C-alpha cells in the first residue's frame, strides 16, 4: 500500500504542477480587469486539475498497484487466497479515499472554482453597469447616488477612467449640495411599536390613562385600536367607543386656523394622525418625518416619535425605502431566477428575477429582488398582463396572517405555513413624491388592477429552492436538489433532469469505488514482473496512459449518466435512487469477486 | 519436448478463434444495448415516459455498432493477446489470419447485408411538451400551450422568451419562436433539457466512424482493387500488435498499442481533411508517376499504411528476436 500511495501521490503532484503551469501559460482569456488576470489563471489551472483528477488518480492507482502487486505477488497461488483478501482490504481503503477526494473535487472544487472565475468575468461588466447607472443618476440630478455608484465602480476597478471621472464630478456636486442644506438631527425611529401587543382590556386601560393625562392622540389611538381588535360582544367596546369619541372631540377642538407655531405643529400632528387613522400610512409617515426633521425638540416629541414609528412600521408592510436597495447588486446570491406559478383557473404567471440579494432582517430573512417581472398568461396561453419593477422586497409571512377567504382567493395551499410576500413599491425615506412603482401592462385595456404588493402562492421554502435552482441542478446543494426534484414540474422545470442530476451526484462515490476495484483487477492482470527492472523510460508512457484513462473515464461517465436515466425511467423518481444503489452495489460485488479470484496464474 | 511446445502453441492458436468470436459477439451485444439506451434517451422529452426497449433501435444499432467493432477488432484481439501472451509463432499467424478474415470476408459480408437489410428510421418524432423552460440560443423559452413539434409547427409560433442579456425591463416578452430551430439546436436529442444533462457523444468520434463506414462502403461498391486499398487501413491497424513485443511490462504494451491504434485511425481520418490538403496535392504527382499505383483508390494513403505496417512488423520482429536471444542467454 505504501508503494501505491507513493506513486499515486507523486503522480498527482506532478500533474498538479503541470495543470498550474498550463493554467498560467495557455488558454485565451475573457475580458478581465488587469488585477484579476493572475487569479483567473490560477483558478483555470486548478479547475483543469479537478477536471482531469479522476483520470490522473486512476492512472496513479493502476501504475502503483501494478508495481506493488508485481513486486510482491506471493501467497496467491489459489483463487480467493488470504493474500488477495489482504490486498482487497487495501484496495477498498484506497478506493474510499479516492472516492472521497474525487467527490470533493467534483462537488466542491469545480463549482467553487467555476463561480470564482465567473465572478472575475463579471467584474468588468459590473463596473460598466455601475458607471452607466451612476451617469444616468448624475444626469437626472441625483448626484448622491451617482457618487455612490462611482465609488463602487472605483472600488472594483481603481484604474477605470470613466469611474474616476464620474466620481470626481459627482463628488463636487454632492459637496455643493451639502453646503446648501441645513443640518438636521435625525432621531432614531422607535421600532417595534405594535398595537397588536396589547389585549382589549389593556388597550382600554391605556386609552383611559392617556385621556386622563390629556394625551388625546394616544387616547384616541388606543381606543380605536381596541375597538378594531375587540369582538362585538366584548364589554370593553362601549367604554372604548366613549373614550375614542371624547378624545376625538378634544382633538377636533384644534381644527381652528392655526396661528402660533405650537398650533401649527399641533395641526400638522393632527393631520398626520388622521392620515394614519385613514390608512394612508405613506402620507402619515412623511408628515411625522417632516415634523421630526424640523427641529431637535420635535424629533424627541413623544407624539412625533410614537406616530412616526407607527407609520414607519405600517409602511414597512406595504412599501420599502429606496435606499435599502442601494449597492445590493454587488451582494447578489442568485441571478436569472425564473419559475411558473400555475393558478387554479388554468392561467399561468411566469416570474423572472434578474438578481436576488438575501439579507438578515429584524424579522427573519429579507430578499431584495432586482428586475422583477411577472408575465401572466391566460388559460389558453395567451398574453394577459405583465408587471415589471426595478426593485422589490420579499418577506417571509405566515399564512396564518391571512383569513381563509383571502388564502383561498390567493391560491395558497392549506398546508403551506409561510409564503413570500413581495413589496413592489419603494419610496424615498425623506422626500414625499419620490416613488418607484411597478409598471403594469395589460392585453385588455379595461382590466386594470395595479397593486403595490404581491403574494406568491408558493411555500417560502420553495422560493429559496427556486433561487438555488437558478444556478443549475449541477450546482445546487444535494439536500436542496433532493427536495426540489419532486417539485420541479410545478415550477416549469423537468423532473427527469433534476432527478437524473440528483442520481449522478449521489451515486458518484459508488461509481468511483467500482472503477477503483475494477482498476485493481486490471493492475493485477498487467502487473510488472517480479524480477523485471523498472525502466525510467516507461515513465514517459504514464501521461499517455492518463490521456487514455481520461477518454475511458469520460466514456464511462457518459454511460453512467445514461444509465441513471434508465433507473429513473424504470423505477420512477422515488425508487430510482434505491435501484441505482442496488445496481452499483451489485457491480461492486461482482468486481470484488473478480479481483479476489485473481491468482498467480494470471502472471506477467 | 518440441512436440509438446508445438501442441501448446497450436492449442493457443486455435483458442484464438473462439476467443475472437466471443470478443466480437460480446462487444457487439454491449454496443447495441448501449446504442439502444442512447437512442431512447435521445428521444426522451421532459414529461414523457422513457421507452426502455425499442426493437427498431436494437436492429438499427447493429448496423451502427458493427462497423465500429470491426474497425476496433484488431485492438480488441491485440489486448487479448497481450493478456494471454506467449505460445510462439502459431498464435501470431492465427492473429494475422483472423485479421485477414475480418477485413477480407466479415467486413464485406457485413456491408452487403447492410445494403440488403437496413431500413430507413421510421420512428415517430415526439413533440415538445408545454410548461417547461428550455434554452434556445441565448434565451430561455417557455412553451405555453399544447405539444408542438418542428413537424407539426414548421413555422413560427408564440412563446414566452426570457432574454437574460436584455435590459431588465425588456427581459420577458412574448415572441415568435421558430420551433424548427429549437429542434435543430437540441439535435441529436429531441429535447434540449435532456441534452443538457448528457454530454453529446463527441462529434468527431461519430463523424470519424461515419467517415470510415462511408469509405468502406464506397471501396466495396467500387470493386476489389479499391477494397484492397481500403484494407491497407486494416493492415496498419492489425500490424500495430507487433509493437507490443517491444516492452517486457504488459501495461506498457497496452499503452503502446492504444496510442498507436489511435494514431493510425486519426491519420486515416485526417488524411482527407484540410490539414493534409497540401500533402495530398504534392503526393498525387508521385502517385501518377508509378503506374501500378494508379489503379488504387488513394495510392498515397495505401503506401503510407503499408509502409507503417512494415515498420511496425519490423520493429516487432526485431524486438521479439532480441528478447528471445536475451532469454536464451538467461537460460529461460
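Side notes on the structure shown:
- Subset of the stretch A:343-375 (residues that are over 30 Å from residue A:331 (Cβ atoms) and more than 9 Å from chain B (Cβ to nearest Cβ)): A:343, A:344, A:345, A:346, A:347
- Of all residues in the stretch B:12-31 being surrounded by 16 or more Cβ atoms within 10 Å (Cβ to Cβ) and within 14 Å of another protein chain (Cβ to nearest Cβ), the one that is farthest from residue B:106 (Cα to Cα): B:31
- Residues of the stretch B:297-310 classified as modelled with pLDDT under 80 and either surrounded by fewer than 19 Cβ atoms within 10 Å (Cβ to Cβ) or part of a helix (DSSP H, G or I) (or both), total: 1
- Verdict on residue B:216 being more than 21 Å from residue A:526 (Cβ to Cβ) and not assigned by TED's automatic domain parsing to the domain that holds residue B:315: yes
- Among the candidates B:254, B:265, residue that is within 11 Å of another protein chain (Cβ to nearest Cβ), part of a helix (DSSP H, G or I) and either free of Cβ contacts under 8 Å to residues at least 12 places away in the same chain or surrounded by 18 or more Cβ atoms within 10 Å (Cβ to Cβ) (or both): B:254
A quick yes/no check of all residues on (1) modelled with pLDDT under 90; (2) in the same structural domain as residue A:354 (by TED's automatic domain parsing); (3) touching a helix residue (DSSP H, G or I) at 6+ places or on another chain (Cβ under 9 Å):
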position	(1), (2), (3)
A:406	yes, yes, no
A:421	no, yes, yes
A:430	yes, yes, yes
A:435	yes, yes, yes
A:446	yes, yes, no
A:452	yes, yes, no
A:464	no, yes, yes
A:469	no, yes, yes
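- Conditions (1) within 14 Å of another protein chain (Cβ to nearest Cβ); (2) part of a loop (DSSP other than H, G, I, E, B); (3) under 25 Å from residue A:393 (Cβ atoms); number of the one not met by residue A:458: (1)
- For the stretch A:472-493, the tally of residues that are assigned to a helix (DSSP H, G or I) and over 16 Å from residue B:129 (Cβ atoms) stands at 11.
- Considering residues of the stretch A:477-493 that are in contact (Cβ under 8 Å) with a residue 12 or more places away in the chain and away from every other protein chain (no Cβ under 13 Å) only, the residue farthest from residue A:365 (Cα to Cα): A:486
- For residue B:60: the one exception among (1) within 30 Å of residue A:499 (Cα to Cα); (2) crowded, with 19+ Cβ neighbours inside 10 Å; (3) touching a residue at least 60 places away in the same chain (Cβ under 8 Å); (4) within 14 Å of chain A (Cβ to nearest Cβ): (4)
- Note on the stretch A:298-374: enclosed strands (runs of 3 or more DSSP E) holding 1 or more residues that are under 24 Å from residue A:432 (Cβ atoms) and at pLDDT 80 or above are A:319-321.
Yes/no per residue for (1) over 21 Å from the mean Cα position of the chain (by Cα); (2) surrounded by 15 or more Cβ atoms within 10 Å (Cβ to Cβ); (3) modelled with pLDDT under 85:
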position	(1), (2), (3)
B:52	yes, no, yes
B:73	no, yes, no
B:82	yes, yes, no
B:90	yes, yes, no
B:94	yes, yes, no
B:115	no, no, yes
B:135	yes, yes, no
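- Candidates in the stretch B:163-210 are the residues that are in contact with a helix residue (DSSP H, G or I) (Cβ under 6 Å, 6 or more places away or on another chain) and over 30 Å from residue A:337 (Cβ atoms); of these, the one that is surrounded by the fewest Cβ atoms within 10 Å (Cβ to Cβ) is B:188.
- Just one of the listed residues (B:284, B:242) is part of a helix (DSSP H, G or I) and modelled with pLDDT of 90 or more, and it is B:242.
- Conditions (1) in contact with a helix residue (DSSP H, G or I) (Cβ under 6 Å, 6 or more places away or on another chain); (2) away from chain A (no Cβ under 14 Å); (3) within 30 Å of residue B:197 (Cβ to Cβ); number of the one not met by residue B:9: (3)
- Checked against the criterion of being within 14 Å of residue B:134 (Cα to Cα) and at pLDDT below 80, the stretch B:159-176 has no qualifying residue.
- Restricting A:426, A:400 to residues that are more than 23 Å from the chain's Cα centre (by Cα) and more than 10 Å from every other protein chain (Cβ to nearest Cβ) narrows the list to A:400.
- Single residue of A:336, A:380 found to be surrounded by fewer than 17 Cβ atoms within 10 Å (Cβ to Cβ) and facing chain B (nearest Cβ under 8 Å): A:380
- Cβ pairs under 7 Å, 6+ apart, first in the stretch A:311-326 and surrounded by fewer than 19 Cβ atoms within 10 Å (Cβ to Cβ), second modelled with pLDDT under 80 and assigned to a helix (DSSP H, G or I): A:326/A:148
The values are calculated or read from the model by the stated rules, or taken from the named source; none is laboratory data. Here the structure is a predicted model, which is why all the values come from computation and not from measurement. With ideal geometry, Cβ positions are generated from the backbone for all residues, glycine too; neighbour counts draw on all protein chains shown.
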